[in-house]
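Worksheet for the structure shown next.
All of the numbers you see were taken from the coordinates with simple rules; none came from a lab. Predicted, not measured: the structure shown is a model, and the values here were computed from it. Because the Cβ atoms are built from the backbone with ideal geometry, glycine has one as well, and the counts that use them run over all protein chains shown.
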Amino acid sequence: MVWDKSEIKKLHEARAHWEETCFTPAVEKSGERKSQFATTSVEHIKNVYTPTDIKDLNYLEDLNLPGRYPFTRGIRSTGYRGRLWTHRLVSGAMGGKESNKIFKNLIAHGETGLNPVFDPPTLNIRDSDDENSEGQVGVNGTAIDTLVDMESLFEGIDIEKISISLITPHPFLFPMFIAMAENRGVPFDKLRGTIQNDCINNSHSCNWFKMAPLPIRMKVHGDAVEFATKHMPLWNPLSIVGYHMREGGSTAAQEIGFTLADGIAYVEDFIRRGMDVDSFAPRLSFFFGCETDLFEEVAKFRAARRAWAKIMRHRFNAKDERSWLLRYHVQTAGNSLLAQQPLNNIIRTTIQALAAVLGGCNSLHTNAYDEAFTAPTQEAAMIALRTQQIIAHESGVTNTIDPMGGSYYIEALTDALEKECFKIIEQVDERGGAVKAWQWIQETYLSTAHERQRRIERKEEIIVGLNEFTIREEEEQELDLFEIDSDFEKRQIASLHEIKRKRDQRSVEKALKEVSRVSEKGHNTIRAISEAYKELATLGEVRSAWEKGVGVEA
Amino acid sequence: MKKIRILLAKPGLDGHLRGINVLAKGLREAGMEVIYLGVDLTPKEISQAAIEEDVDIIGLSIHAGGTVTLVKKVQSTLRESGVDDIPILVGGIISKKERQILGEMGVKGVFGPGSSFERIIECIDKACVKKPS
């Protein structure tokens, strides 16, 4: 116990007395601004928090020191005093060559990790010349058709030195990345980075109806995890995503509850596959969003760390302490960016980034202010990077570990969010786990999104520049926006056709047959796929070969 | 009065579904008949559904670019089937330049982030009034 019982009793009395003689008369006289103060997850926020609100907190059991179970105060004993979070910006547009320039520029300005994003066709495992890709090639991310694109994307970048987080919901770019590494002669055990590879999240946040059913997809996603577990000790082969659900409208508690429930489903799946929990769990990573309610976000991250540690230790009996650690990347809230008075988005992103840092993130992306319109300009992306650097080097919040720890409000919120998180996990469990319950998960947070829209329209929630403090459209500042070359799509398709014409067609077909064969047999597919890429098979061809193997209609 | 029938769909390959889902619910609450087609659809699938369902208006949600190309294709596939009187609205992440082009293409309304139900409903009502039934 942190607090002496008799002290708490005295405090209770003092507080009651204050309410009666001081607070209530003041409210009766001039009222409060709102009838109810709330966060997304906690309906009633009190007027003030005191030790009485955290009287049951046991310091060593519930908080402990940084790097000690249950890791509420952080997973590393040195916090940001040892090493700062990875400054990582989502980037990429048009082709490998063009995106490579963007990466190099960001690295030159102090970016410490890459976060390549791909165009919609690549994210959908389709080629640039697929009829469904029209108009979207190289838009909002890099177009990747073959290993040639992957190689130009990382040309001149030391992939042994910089950690690379590939934003790819499917596992099919991962074998292409390792094919590139092999061609360069970089050993697998030197590769540091992440692939998102989260198909459960993909089902409920993107609804890719045209992909194979979830249970079939789980297998090939697991292949990447199995492969990396064996050969790539520094690689995170799965990043369990809460970001999309948060962007989809979930509350902070739903975000962590559903995400950890997804995490549980994966751990169960890998164990069923015959993997030892401590062989893969230390390399599982997570990805969360961060909204503008600073204290709730800080509490959310602390609660999630504590909850995951308990789950891994007690639910899965993981013995290796590294299996208990919630390591995660944060992206500031894209949905909070407004098209109205867009420079204000810099302020929103700053508050969100600060919350992410105070919450103890391991890696951070900050959005650019012009992203309510399109992918960012170089100038806007630079401000986003500088935002992180100012927080890291000027704000002083990195001087001590978990500086918010011990705040009555933060600790009470952390408790409330953890409780809510476990309640949500229980609800998912009752529905048979996240793989079965993905539709319920989606309905739940989309209905939260709808309620929020109503609140905004009733002005119960004020959004500056949207429903209050607005200006006329004519007064809006004109921004110079990023545009991709209008002939890029044509160029990319021409280069793809050129590659197809020059490659050894027989070797390609042989390699693709092998992909179908191992997929059909249920063997690990990663090797066969990377060999096919080396023969310059395209992403779309590999998808078809895999679909053929697992018996799913294209 | 006959209920307005609106088809909502996401053409192209992006999966940002919050906007369209929230809107579907909002429009139903406003008394419209909403046919929600979902995501990852080709322009042809959308125009065929619009014709089969005999809708009064189509709402397209696009967040990952290619907006002008995709909307043009929906329009051309409608025309190929001999239909040119179904008004189209577009919502999503859309630049000013695209907004202007969409306007020139005859799109009845373009709605970016933060658009209210009220404004969207107003626009739908206006666009549907002109259609002789």
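Using a cut-off of 16 Å between alpha-carbon atoms, which lysines can reach B:LYS126, once sequence neighbours fewer than 8 places away in the same chain are excluded?
B:LYS2, B:LYS3, B:LYS108
Whose amide H sits under 5 Å from the amide H of A:ILE463, counting only residues 5 or more places off or on another chain, with H placed in the peptide plane?
So A:ILE463 has HN proximity to A:GLU468.
Taking the range A:430-524, how many lysine pairs are there with alpha carbons less than 20 Å apart, if each pair must be eight or more places apart or span two chains?
Lysine pair count for the range A:430-524: 8.
How shielded is B:5-18 by partner chains, expressed as the average number of their Cβ atoms within 10 Å of its Cβ atoms?
Counting Cβ atoms of other protein chains within 10 Å of each residue's Cβ and averaging gives 6.
Would you pull out the residues with amide H under 5 Å of A:GLY406's amide H, same chain only if 5 or more places away, H placed 1.01 Å from N?
A:GLU411
So what is the relative contact order for the range A:504-550, in percent, with contacts set as C-alpha pairs under 8 Å and at least six apart?
Reported relative contact order: 50 percent.
Using a 10 Å cut-off on Cβ to Cβ distances, tally the other chain neighbours for every residue of B:110-119 and report the average as a whole number.
The per-residue average across the peptide is 4.
Hey, what do the phi angles of the range A:244-258 turn into as Karplus ³J(HN,Hα) couplings, whole Hz, using 6.51/-1.76/1.60 and θ = phi - 60°, x for Gly and Pro?
5, 5, 5, 5, x, x, 5, 6, 4, 5, 4, 4, 6, x, 5
Kindly write out, for the range A:396-410 in residue order, the coupling ³J(HN,Hα) from the Karplus curve 6.51 cos²θ - 1.76 cosθ + 1.60 (θ = phi - 60°), rounded to whole Hz, with x marking Gly and Pro.
x, 6, 8, 5, 10, 7, 6, x, 7, x, x, 5, 4, 5, 4
In what order do A:GLU520, A:GLU321, A:GLU13 fall by count of nearby beta-carbon atoms within 10 Å, going from fewest to most?
Fewest to most other Cβ atoms nearby, the residues stand as A:GLU13, A:GLU520, A:GLU321.
If one takes the longest principal axis of the Cα atoms in chain A, at what angle in degrees, from 0 to 90 and to the nearest 10, does the Cα axis of helix A:539-550 lie?
Tilt relative to chain A: about 90 degrees.
Just want the ordering: A:ASP223, A:ASP4, A:ASP145, A:ASP269, from fewest to most Cβ atoms lying within 10 Å of their own Cβ.
A:ASP4, A:ASP269, A:ASP223, A:ASP145
Mean separation of Cα pairs under 8 Å and 6+ residues apart, divided by the residue count of chain B: what relative contact order is that in percent?
This gives 25 percent for chain B.
Among A:MET312, A:MET211, which comes first, then next, by fewest other beta-carbon atoms within 10 Å?
Fewest to most other Cβ atoms nearby, the residues stand as A:MET211, A:MET312.
Of the GluC sites (Glu not before Pro) in the range A:25-57, which ones lie in a loop per DSSP and count no more than 11 other C-beta atoms within 10 Å?
Taking the range A:25-57 and a limit of 11 other Cβ atoms within 10 Å, the loop GluC sites (Glu not before Pro) found are A:GLU32, A:GLU43.
Order A:501-509, A:543-551 from most to least packed using the mean count of other Cβ atoms within 10 Å.
A:543-551, A:501-509
Cβ neighbours within 10 Å, averaged per peptide: list A:89-97, A:356-364, A:300-308 in order, most packed at the top.
A:300-308, A:356-364, A:89-97
Given only helices, namely DSSP H runs of n ≥ 4 each adding -39500 (n - 2.57), what is the per-residue ellipticity at 222 nm of the protein assembly as shown, to the nearest 500 deg cm²/dmol?
Helix-only estimate at 222 nm: -14500 deg cm²/dmol.
Can you work out the FRET efficiency for the pair B:ARG119 and A:ILE390, with r the C-beta to C-beta distance and R0 = 30 Å, to the nearest 0.05?
It comes to 0.20.
In nm, to one decimal, how far is the A:ASN344 label point from the A:GLU443 one, both placed 7 Å along Cα→Cβ?
Once both label points are built, they end up 3.6 nm from each other.
Starting from the range A:126-215, pick out the trypsin sites (Lys or Arg not before Pro) whose DSSP state is loop and whose Cβ has at most 11 other Cβ atoms within 10 Å.
Of the trypsin sites (Lys or Arg not before Pro), the ones in loops of the range A:126-215 whose Cβ has at most 11 other Cβ atoms within 10 Å are A:LYS161.
Using θ = phi - 60° and the Karplus relation 6.51 cos²θ - 1.76 cosθ + 1.60, list the HN-Hα couplings for the range A:342-350 in order, rounded to whole Hz, with x at every Gly or Pro.
Using θ = phi - 60°, the values come out as x, 5, 4, 4, 4, 5, 4, 4, 5 Hz.
What's the percent breakdown of Cα-Cα distances in the protein assembly as shown across 10 Å bins, shortest bin first?
The distribution over the protein assembly as shown is 3, 15, 25, 27, 19, 9, 3, 1, 0, given as percents.
For chain A, what relative contact order do you get, as a whole percent, if you take Cα pairs closer than 8 Å and at least 6 residues apart?
Relative contact order of chain A: 18 percent.
Once amide H atoms are built 1.01 Å from N in the peptide plane, which residues 5 or more positions from A:PHE286, or in another chain, come under 5 Å H to H?
So A:PHE286 has HN proximity to A:ILE240, A:ARG327, A:TYR328, A:HIS329.
Once you average over the residues of A:125-136, how many Cβ atoms of partner chains fall within 10 Å of each Cβ?
Going residue by residue through A:125-136 and averaging, the value is 4.
Give the peptides A:483-492, A:172-181 in descending order of average Cβ contacts within 10 Å, highest first.
A:172-181, A:483-492
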